[in-house]
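Heads up, the thing below is written out as structure tokens.
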Amino acid sequence: MREQVVVTGMGAVSPYGYGVPALETGLWQGICSLQRLADNGRVKGLKVRTAGTVPSKDLRGEISRDLRRTMSPMSQYACLAAREAIAMGGLEGDALRRTGVSIGSTLGSPAALEDFFREYLLGGDMDEVRTTTFFKVMGHTAAANVALACGCAGRTLAPAAACAAGLMGIGLAYEAVASGREERMLCGGADEFHPLVAATFEKLGAASHEEDPELASRPFDVKRTGIVCGEGAGVLLLESLTSAEARGAKPLARVGGFSAMTCAGNIAHPDATSIVECMAAALEDAGLAPRDIAAVNAHATATTIGDMAEGQAIFGVFGSQTPVCSLKGHMGHTMAACGVLETIACVRMLDTGTVLPTLGLETPDPACGEIRHVLGEPVLATGPILKNCFALGGTLCALVLDVA
Amino acid sequence: MTNDEIAATVNRAIAEEFELAPERLRPEAHIRDDLGLDSLDIVDLVIVIEKAFGFKLTNREAMMDIRTLGDIHAFIAALRDKGEAGA
């Protein structure tokens, strides 16, 4: 028998700032949180001019040095988001200790790796490399640091799934709780902005060169110009309904189903057929039909090819009646954080019965399928929401959220 | 460099690296028990000291036997006396 899995806590560090309230206020006020890059134009060939960066803040008073010493920014963001989720969920004592962690990131900290190789290659000297560098570089740096900072002794998972790592983190946590392997999981994704990622999308011809942040990320629009990279962290506290009821924790939403699949045909560009299969598998896992879904929160990162494939896939499964929105116009693509920050938005959309519009979308591109875009103002929609996330490497994830 | 200057240089470097309030940096303060540094910190402590004084220890392992902050001051002073350090 499968356990019911509910969300009982949420935490966010986003381009809007620190905390879920900052995220929700920014999204519901329709504010674009993208910024001009400070040192743009410095690197030949890199034409990226905007990013969705987290406002800088001195975190020395919030995370003690003994914890912070092994944390690059992504782990610091994840730690703050995890603490917020724990506080919201009222998780403490032995229940907190017996909680697992499933938090993915696109990479370990590129900046820390840069520090190491600056000493190793340029300096030809290992003597000044700190003992803590590797803990920032390792693939499960965000998950391991959260487990340590929060005192969680359950399993530590860190899905390596690039831009889908956050939603994959939720999915693996959902499966661990649903199967009864863990009672509770802190899950999600975290990333820090680094030119390596922006430059990769640049090389793929998928990065936006637009200088005006308000016009830089325009999912599904005929004038879309590509991805705007960002950073942040999102963490959900998932637990079995049994655990939530035993603790007296209020369920905020229920995870109805999840699917993880692979576009085996292309490592860079998921195709519509694979996306259709992935969404259909998530619906099947949730025991729902397409007509049961009230809204789709798309991955849509404002690339020419990606938005087209996803839009056509959504049209293929849901037709022209189901509202579809992307939140990349609000925050850009926060990499591993996007799946979770956007899921947090979905929880609020479920709760309020409204679907946010796609910011920056004025003229929908017909090549993205005849889907029902949410333009300008939120629309009313009550019922389950399907959330997509895709990644380089052909990784596809879809999650179904429903009211608790 | 006088003993006081050595102590001030060591304390300044340690206070900054390990975010310790200067008033905690008494010579008798135990590195682990009073200042809360652990084995990872103590490896990095060597790097911090080397940077502060601009020299490299030929025998880094000798630093591992140090127990108190005053031991570090004395260790550097001894290197100075032997002419092995820039101190």
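Any read-out appearing in this document is the output of simple, stated calculations on the displayed coordinates, not a laboratory observation. Since the model is a prediction, treat every value here as computed from it, not as a measurement. Quick reminder, even Gly has a Cβ in these numbers, built from the backbone with ideal geometry, and neighbours come from all protein chains shown.
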Could you list A:Val403, A:Val355, A:Val7, A:Val317 in order of exposure, starting from the residue whose Cβ has the fewest other Cβ atoms within 10 Å?
A:Val403, A:Val317, A:Val355, A:Val7
Which whole-Hz ³J(HN,Hα) couplings does the stretch A:380-395 yield from phi under the Karplus relation 6.51 cos²θ - 1.76 cosθ + 1.60, θ = phi - 60°, glycine and proline marked x?
7, 7, 10, x, x, 10, 9, 10, 9, 8, 10, 8, 4, x, x, 6
Looking at A:Ala164, B:Thr68, A:Leu121, which one has the Cα that reaches farthest to the positive end of the dipole of the protein assembly as shown (charges on Cβ: Lys, Arg +1; Asp, Glu -1)?
A:Ala164
Mean-position separation - Cα centroids, the stretch A:290-350 and the stretch A:1-52, in angstrom:
15
Calc'd 3J(HN,Hα), the stretch A:55-62, phi into Karplus 6.51 cos²θ - 1.76 cosθ + 1.60 (θ = phi - 60°), Hz, glycine/Pro = x, comes to x, 6, 7, 7, 9, 4, x, 9
How big is the dipole moment of the protein assembly as shown about its Cα centre under a simple scheme where the beta carbon of each Lys and Arg is +1, that of each Asp and Glu is -1, and everything else is neutral? Debye, nearest 20, please.
440
Need one number: nm distance between label points at A:Ala289 and B:Glu5, each 7 Å from Cα along Cα→Cβ, rounded to one decimal.
8.7
Which pairs, out of A:Lys44/B:Lys51; A:Lys47/A:Lys223; A:Lys44/A:Lys203; A:Lys44/A:Lys136; A:Lys250/A:Lys387; A:Lys136/B:Lys56, put more than 24 Å between their alpha-carbon atoms?
A:Lys44/B:Lys51; A:Lys44/A:Lys136; A:Lys136/B:Lys56
Assigning unit charges at the beta carbon (Lys, Arg +1; Asp, Glu -1) and nothing else, what dipole magnitude in debye, to the nearest 20, does the stretch A:1-94 show about its Cα centre?
780
Let me have the 222 nm mean residue ellipticity of the protein assembly as shown computed from DSSP H runs of 4+ only, each contributing -39500 (n - 2.57), with the sum over all residues rounded to the nearest 500.
-11000 deg cm²/dmol
Counting Lys +1, Arg +1, Asp -1, Glu -1, what net charge surrounds A:Asn297 among other residues with beta carbon under 15 Å of its beta carbon?
-2
Ratio of alpha-carbon Rg to the 2.2 N^0.38 Å globular estimate for the stretch A:34-157, to two decimals, please.
1.24
Built amide H within the under 5 Å cut-off of A:Ile227, gap 5+
A:Ala207, A:Ser208
Would you please give the FRET efficiency between B:Arg26 and A:Arg36, computed as 1/(1 + (r/R0)^6) with r the Cβ-Cβ distance and R0 = 45 Å, to the nearest 0.05?
0.40
Regarding the stretch A:256-402, what is the average projected area of its C-alpha convex hull, in nm²?
7.3
If you place +1 on the Cβ of every Lys and Arg, -1 on the Cβ of every Asp and Glu, and leave all else neutral, what size is the dipole of the stretch A:224-342 about its Cα centre, to the nearest 20 Debye?
280
Sorted by Cβ neighbour density within 10 Å, fewest at the top, the residues A:Ser259, B:Ser39, A:Ser64:
B:Ser39, A:Ser64, A:Ser259
Run through the DSSP bridge list for the stretch A:256-402 and note the antiparallel percent, rounded to the nearest 5.
70
P(r) for chain A, please, calculated from all Cα pair distances in 10 Å bins and given in %.
5, 25, 35, 24, 9, 1, 0
